[in-house]
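Notes follow the structure.
The values are calculated or read from the model by the stated rules, or taken from the named source; none is laboratory data. Model, not experiment: these values are computed from the prediction. Heads up, the Cβs are rebuilt from the backbone with ideal geometry, glycines too, and the neighbour counts pull from every protein chain shown. The accessibility values were calculated without ligands, DNA or RNA, using every heavy atom of the protein model including side chains. Shrake-Rupley method; radii C 1.70, N 1.55, O 1.52, S 1.80 Å.
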Amino acid sequence: MSDIRRSLGPLEQVDDRWVLGDHLRLGSTWLELRTEGLYQHGGESEGQLIPWPRVMLVGFTLGTKYPPKGSYGVLALLGGLPGPWKGHGRGYLHMTLRHPYENWLASFDRHPRSYNSTELVLFQELLSQTASEGEADRLADSDWLGRAVELLVTQRPRTASAIREAVTRARQL
């Protein structure tokens, strides 16, 4: 493993697997990117597995399920600041699934660490591009995802087109 940090917003590598959310906090809800699909730990959907072939579209919000504007609610900002709100709040993957067609919301508890806003946007674009290209199963490929994350954490794109290009390059690794 290189010296580069192996996390991108709420996505982090734990040993040889990738997880979303605070998997260390007792009683927390978190998601694991497994070979067979997205697996939710904790919460009401404990043990639920969504196979990768069912995943069509993925969106991401932080701080609230359905923020009125944008992808981040007030708790997204407060949860990364020092003080009583540190580590509070949740993130959500909004997914469109096939066979049968349905919308599914997968929640996870945020980490106590702060998330860099550029990394959040890059993470969202990585999820979106990968799923919309029909390659959601690549999110379970630890080596591929590690290479993509290593490249993305060094990027600081400032425009929507630069963000798309950075993620497209990272996905080609």
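Quick one: in the range 63-92, which of the residues that are among the basic types (K, R) and in a loop (DSSP other than H, G, I, E, B) is modelled with the highest pLDDT? Per the stated criteria, the residue is K65. The residues of the range 5-62 that are assigned to a loop (DSSP other than H, G, I, E, B), closer than 22 Å to R98 by Cα and open to solvent by 40 Å² or more (accessible area, probe 1.4 Å), listed by number, are R34, T35, E36, E44, E46, Q48. Q129 meets the conditions (1) surrounded by fewer than 18 Cβ atoms within 10 Å (Cβ to Cβ); (2) over 13 Å from the mean Cα position of the chain (by Cα); (3) not β-branched (V, I, T) in every case but one. The failed one is (2).
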